[in-house]
Amino acid sequence: MRKQLFDNHGRVLNYVRLAVTDRCNLRCFYCMPEEGIQYINKTELMTYEEITRAMTLLAQMGIEKVRITGGEPFIRKDMMKLLASIRSIEGIRTINITTNGTVLEPYILELKKLGIRSVNLSLDTLDRDRFFAITRRDVFDKVMQSFDLLLKHGFEVKINAVVMAGKNEEDIIPLADLARTHPVGVRFIEEMPFNGEGAHYEKLKWNHKNILQKVKDQYPNLQKLPDPPSSTSMNYKAPSHKGTIGIIAAYSRTFCGTCNRIRITPKGLLKTCLYDNGVFNIKTIMREGATDEQLRATFLDAFRNRAKDGFEAEQGRFGNSISESMATIGG
Ligand code: SAM
Ligand code: SF4
């Protein structure tokens with residue numbers, strides 16, 4: 001029987017989002033300023049050995065699913081070595097990846113060989129000019145090539161699209177239409193203030209309700225699908241469509257009651273909620289010589305003191321308002 005890990009609110013914890021770097025080749029408007037962010041020094045990154053040790057302990061405690069994210073994960077040197085190392089950890093059943101798709105192509109076959117089945121591709125528009133305006137880089141074609149190749153090789157593909165007032169409102173329907181023509185999950189995400197500068201808006205225009213209304217106006221026969229346990233997206237499908245449409249209330253935080261995930265940042269900070277500002281630094285205590293037993297106890301202590309939801313976690317940020325880049329967290 002596998003061990004199950006629970007937090008102080010009785011929620012199962014079985015999923016880690018692992019951000020392997022804060023570096024990125026894009027400058028998405030919603031994630032970082034045009035001039036970029038101050039990247040952490042490479043010596044401050046968790047090494048692959050440290051990541052593997054942390055993941056092994058967490059797998060022994062009940063974690064079974066990992067999402068590799070960043071920054072752009074494929075920017076970090078020897079990423080495939082890390083993936084192979086995580087693949088070999090007993091108890092880790094699923095590895096998924098979130099990527100901007102710009103430098104993914106050379107790795108697609110290797111990912112398949114490693115048994116990685118599902119890739120989330122960030123794509124906020126199907127218009128080349130708006131892609132450039134949002135990401136500040138002219139690499140739309142690279143992303144579309146990755147999209148086509150992933151589908152060709154049988155990956156489960158989800159599109160992550162952040163919906164922003166004045167930036168890509170006109171893309172909601174063309175993106176949703178990808179679910180009509182392709183077997184993909186198109187997920188619309190509420191914009192959060194994790195952009196390196198602070199909130200872009202006083203009141204969020206494109207909240208989950210408004211996004212859903214817009215999509216329903218286009219597809220009146222859209223049907224609600226049952227959501228998988230701990231799903232962050234509310235999922236829908238129109239009868240004739242090949243794929244599905246999801247809406248993620250990331251700012252409204254409607255899903256905290258079943259949240260099964262923890263986060264590890266590139267520099268080793270453990271976050272038990274996206275909205276907290278870190279509970280303890282795994283890398284620091286490892287480098288100070290912590291034994292596995294001590295590390296396990298520190299993890300357990302963090303899991304027993306988890307905020308009940310993202311609002312409580314945000315209140316506990318020691319007076320700091322949110323302004324860090326999502327590239328330092330991983331989404
Ligand atoms: N670079 C990779 C990518 O873009 O897919 C992985 C890292 S990125 C930080 C992970 C996810 O976070 C992406 O899907 C991105 O759209 C989302 N994201 C980044 N900043 C966001 C924000 N301020 N609000 C909502 N989602 C955000
Ligand atoms: Fe880079 Fe991803 Fe952030 Fe865009 S969302 S700047 S691709 S880390």
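A few comments on the model shown:
- Scanning segment 260-284 for residues that are within 16 Å of ligand 1 (Cβ to nearest atom) and under 30 Å from residue 172 (Cβ atoms) returns 261, 263, 271, 273, 274, 275.
- Just one of the listed residues (277, 260) is among the polar types (S, T, N, Q) and over 30 Å from residue 182 (Cα atoms), and it is 277.
- Qualifying residue in segment 112-120 (condition: in contact (Cβ under 8 Å) with a residue 40 or more places away in the chain, open to solvent by 10 Å² or more (accessible area, probe 1.4 Å) and not hydrophobic (A, V, I, L, M, F, W, C)): yes
- Of all residues making up segment 172-193, the number that are within 24 Å of residue 146 (Cβ to Cβ) and either within 13 Å of ligand 1 (Cβ to nearest atom) or in contact with a Pro (Cβ under 6 Å, 6 or more places away or on another chain) (or both): 7
- Lone unmet requirement of (1) under 26 Å from residue 80 (Cα atoms); (2) within 16 Å of ligand 2 (Cβ to nearest atom); (3) without any contact (Cβ under 8 Å) to a residue 12 or more places away in the chain for residue 42: (2)
- Checked against (1) open to solvent by 40 Å² or more (accessible area, probe 1.4 Å); (2) out of contact with any Gly (no Cβ under 6 Å at 6 or more places or on another chain), residue 158 passes all but a single condition, namely (2).
- Counting only residues that are among the hydroxyl-bearing types (Ser, Thr, Tyr), open to solvent by less than 40 Å² (accessible area, probe 1.4 Å) and more than 30 Å from residue 138 (Cβ to Cβ), segment 1-47 holds 1 of them.
- From the options 322, 329, 285, residue that is within 16 Å of ligand 2 (Cβ to nearest atom), surrounded by fewer than 21 Cβ atoms within 10 Å (Cβ to Cβ) and β-branched (Val, Ile, Thr): 322
- Checked against the criteria, residue 266 counts as modelled with pLDDT of 95 or more and in a loop (DSSP other than H, G, I, E, B).
- For segment 93-106, the set of residues classified as open to solvent by 10 Å² or more (accessible area, probe 1.4 Å) and more than 16 Å from ligand 2 (Cβ to nearest atom) consists of 93, 94, 106, listed by residue number.
- Test for residue 307: is it farther than 22 Å from residue 51 by Cβ and of a type outside the set (S, T, N, Q): yes
Residue-wise test of (1) surrounded by 15 or more Cβ atoms within 10 Å (Cβ to Cβ); (2) within 21 Å of residue 12 (Cβ to Cβ).
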position	(1), (2)
202	no, no
211	yes, no
226	no, yes
240	no, no
266	yes, no
272	yes, yes
276	yes, yes
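- Conditions (1) of a type in the set (A, V, I, L, M); (2) within 16 Å of ligand 2 (Cβ to nearest atom); (3) within 23 Å of residue 144 (Cα to Cα); number of the one not met by residue 126: (2)
- So residue 74, is it part of a helix (DSSP H, G or I), on the phi < 0 side of the Ramachandran plot, buried (at least 21 other Cβ atoms within 10 Å of the Cβ) and not charged (D, E, K, R): yes
- Identity of the residue in segment 161-211, assigned to a loop (DSSP other than H, G, I, E, B) and without any contact (Cβ under 8 Å) to a residue 12 or more places away in the chain, that ends up nearest to ligand 2 (Cβ to nearest atom): 166
The values are calculated or read from the model by the stated rules, or taken from the named source; none is laboratory data. Note that this is a predicted model, so its numbers are computed, not measured. Cβ coordinates were reconstructed from backbone atoms using ideal geometry, including for glycine residues, and neighbour counts include every protein chain displayed. To get the accessible areas, we keep the full protein, side chains included, count just its heavy atoms, and leave off ligands, DNA and RNA. Shrake-Rupley method; radii C 1.70, N 1.55, O 1.52, S 1.80 Å.
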